[in-house]
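Take a look at the structure set out below.
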Amino acid sequence: AILARTTSPFLTLVLCWQESGCPGILRSSQSCSRSSGDSWASQHWQVMMPTVSSPGQLWSLLHVAGGGCCSRCGQPSLRGAGAGERHAAFSYYTSTAARPAIAAFVASASLGALGSAAAAAKHHRRGNRYHHSAASSLVACAAGGSGGSSGSSGSRSPEPAPPAAAAIRRAGDGVVKIFVTKQRFSMAVPWQSMQVESTSGSGAFIRRRGSSSTASPPPESSMDPPYWTCTEVEHAIPEVAGDLILTAAHVIADARDVRVQLLSSSGASPDKYVARVVAVANDSDLALLEVSDERCFANVEPMKLFGPRELLEVQSKVQVMGFPVGGDYLSITEGVLSRVEVVEYSHSRRSALALTVDAAINAGNSGGPVVDPSSGRILGVAHQKVVAQGVENQGQCVPPCLIWRFLWGQAHDQLLSQGSMGVFLQHLESPAHRQQLGLSSEETGVLIREVHRLPGDGPSAIEEGDVLLKVGDYVVDNFGTVRLLEHRVALSAVQDLLYMGDEVQMTVRRDGQVTEIAQQLGQAKHLVPRSLYGEGYVARPGFLIFGGLVFVTLSAEFIEQAWPSAQDRPPHLVDLFLRGTASPEKREAVVLLSILADDVNAGHGSGYVGSPTVCSVGGTDVVDLEHLAKLLGKALREDEFAQIEVMMSNGPYSIVLNSADVLEADDRIQQLYNIPYMASPGISLD
């Protein structure tokens, strides 16, 4: 119950818990009905708080001072004044102007919540005493007390509890263990699948099924991404048929079956529930699962997220929650936020913004939430750790801004791959270079060295030789970094906030003049794709078998699977991976993986032949694997011989096959080598 004392500069909030669990109303001159006749003044604390200027701020103070967790069971409870009483009083200093609004607010909006809290307190009573929350202990300290009642000397002091234990306990209830049955395609034998694997990871329950009419305020600037003002998951995902789980993309990569289980405590249900993959953002290593069975999260509250523009200060405490190998129940490790920077994501082999923490992240933690212990909100999604000689305790998680980009994008039919400006940049640390380019002493930026376009791309607004000064409202320094979310990070972090097809407003210096331009974000221009997953979660290699010659598209997955040790990888393929740039004349790199020995290809070797790259067929340069198939089909129909030019590590080499013998040989080879199909879907000689 709440009493607004309008004749005093204090607004006194008096809570009295009755046996029924309902609040009773007290005036300051009355004695508490449960206080055995002792004077009220000797049994309550007056806690001096900062000036309250709004009902919302008062409610926040009520939440902090009046609510907490039971130090034994961790469930919500209210603060008792002492060992034998059921009441507490909290006084907040308020501005005169705010007092009427606060009185009206608490009278209309707070009673139901306080009644529920009082009922929770009654539920967690042990004998004749209520357990005291950590939040209330902190309030007592703020008032100069020791945490106990100011009543009789025989009253017992409250038992201390870890700060924010209730928030962490409630947050942990929403963490799930994810069981995945997966089967990957073989890159070395592309018509076969590898053995079935069983793996596990972690995830967080973030959205309950149903629809919501709430909407976030519009972005403050037209340059801000559309999710920039979201504060609730419902703002980004207005409607969903099932309950949603946030996890890492690599946890469910190549999945054939996904199930989730709540194991946050030893008393949790052992039931596993089928989950469906809703969306995947491989570039930022995020995935969203949906559970249709409503029993899974029937008694669990969704976890809250940091807003897209929020971050903790460096050196703030964080906790990593999940199910690492070595145990069945929820594990919580603690550390601090060490760095905020752009790093390479191991799943996508692409650089993106990440948070580095020194809390332990081990196998099985992937996809689990990294949580702020003071609020229980999700700060990031754990996805990798640095494994190298001399490196310890460097785990990394996906930051809030990329999580919100993913959530909003999948609900609004956006491509979730990160866009690219299609340029190569050069830093301008050299004063002489800046002077040559005509930059003033106050100007900073980076030089555009190359501009790359693919078929279908529109004309580029940015040109070779431009000096990029600003991206949107972000000033670019001479090292190619900007100030984003109060941290100095690589320029690419800004473009990663937007979606494919969005226009990026930029300021450049061109021919001595400062010019405003708009560049559209497109696909990355790598000749060798960093990942075969694309917008899905199954990596399937492209291949073609022609006269026993096995051709495949060069990819990072192929290089890593064929040569697990980096020192064994062919230098010419590594060079293509690092330096190759896609163009209208060369969209993919195609390699000759192996030769399946037969009379049709006799004299050209067999098995592995060094993975030469394919250059041309019949004098026509090969653009990609699909184009190679068309050229070979044309040679069968029109030419006596199919002549294929390849580039070996030691120079060019020609492979010549008799066109009339190829089709018959292919039938023979397919039977002899037990090959189910001679080309991947979408690849045909016709």
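The values are calculated or read from the model by the stated rules, or taken from the named source; none is laboratory data. Note that this is a predicted model, so its numbers are computed, not measured. Using ideal geometry, Cβ is built from the backbone for each residue, glycine included, and neighbour counts are taken over all protein chains shown. Surface areas here come from the heavy atoms of the whole protein model, side chains and all, with no ligands, DNA or RNA. Shrake-Rupley method; radii C 1.70, N 1.55, O 1.52, S 1.80 Å.
Whether any residue in region 296-304 is within 19 Å of residue 204 (Cβ to Cβ), touching a helix residue (DSSP H, G or I) at 6+ places or on another chain (Cβ under 9 Å) and not in a loop (DSSP other than H, G, I, E, B) is what I want to check.
No, because not a single residue in region 296-304 is within 19 Å of residue 204 (Cβ to Cβ), touching a helix residue (DSSP H, G or I) at 6+ places or on another chain (Cβ under 9 Å) and not in a loop (DSSP other than H, G, I, E, B).
I need the full set of residues from region 310-336 which are in a loop (DSSP other than H, G, I, E, B) and crowded, with 17+ Cβ neighbours inside 10 Å, in order please.
311, 312, 323, 324, 330
For region 387-410, which residues satisfy the criterion of being buried (at least 19 other Cβ atoms within 10 Å of the Cβ) and either out of contact with any Asp or Glu (no Cβ under 8 Å at 6 or more places or on another chain) or among the charged types (D, E, K, R) (or both)?
Scanning region 387-410 gives 396, 397, 399, 401, 403, 404, 405, 406, 407, 408, 409, 410.
Just need a number here: residues in region 637-674 that are of a type in the set (A, V, I, L, M, F, W, C) and buried (at least 17 other Cβ atoms within 10 Å of the Cβ).
8
Go through the residues of region 124-135 one by one and say whether even a single one is modelled with pLDDT of 90 or more and either assigned to a loop (DSSP other than H, G, I, E, B) or of a type outside the set (S, T, N, Q) (or both).
no
Can you tell me how many residues in region 366-375 are farther than 17 Å from residue 309 by Cβ and open to solvent by 10 Å² or more (accessible area, probe 1.4 Å)?
Result for region 366-375: 3.
So, in region 430-450, how many residues would count as being outside any helix (DSSP H, G or I) and either at pLDDT below 90 or over 33 Å from the mean Cα position of the chain (by Cα) (or both)?
Residues flagged as outside any helix (DSSP H, G or I) and either at pLDDT below 90 or over 33 Å from the mean Cα position of the chain (by Cα) (or both) within region 430-450 amount to 9.
Give the residues of region 431-449 that are charged (D, E, K, R) and buried (at least 16 other Cβ atoms within 10 Å of the Cβ), sorted by residue number.
434, 443, listed by residue number.
What's the number of the only condition in (1) assigned to a loop (DSSP other than H, G, I, E, B); (2) closer than 19 Å to residue 588 by Cβ that residue 647 fails to meet?
(1)
So which strands (runs of 3 or more DSSP E) are wholly in region 541-636 and hold at least 3 residues that are free of Cβ contacts under 8 Å to residues at least 60 places away in the same chain and open to solvent by less than 40 Å² (accessible area, probe 1.4 Å)?
590-595, 613-617
Suppose the filter is of a type in the set (A, V, I, L, M, F, W, C), modelled with pLDDT of 95 or more and open to solvent by less than 50 Å² (accessible area, probe 1.4 Å); does residue 277 pass it?
yes
If residue 679 passes every condition in (1) farther than 16 Å from residue 552 by Cβ; (2) in contact (Cβ under 8 Å) with a residue 60 or more places away in the chain; (3) touching a strand residue (DSSP E or B) at 6+ places or on another chain (Cβ under 7 Å) but one, which one does it miss?
The single condition residue 679 does not satisfy is (1).
Which is open to solvent by 10 Å² or more (accessible area, probe 1.4 Å) and assigned to a loop (DSSP other than H, G, I, E, B), of 359, 363?
Every option except 363 fails the conditions.
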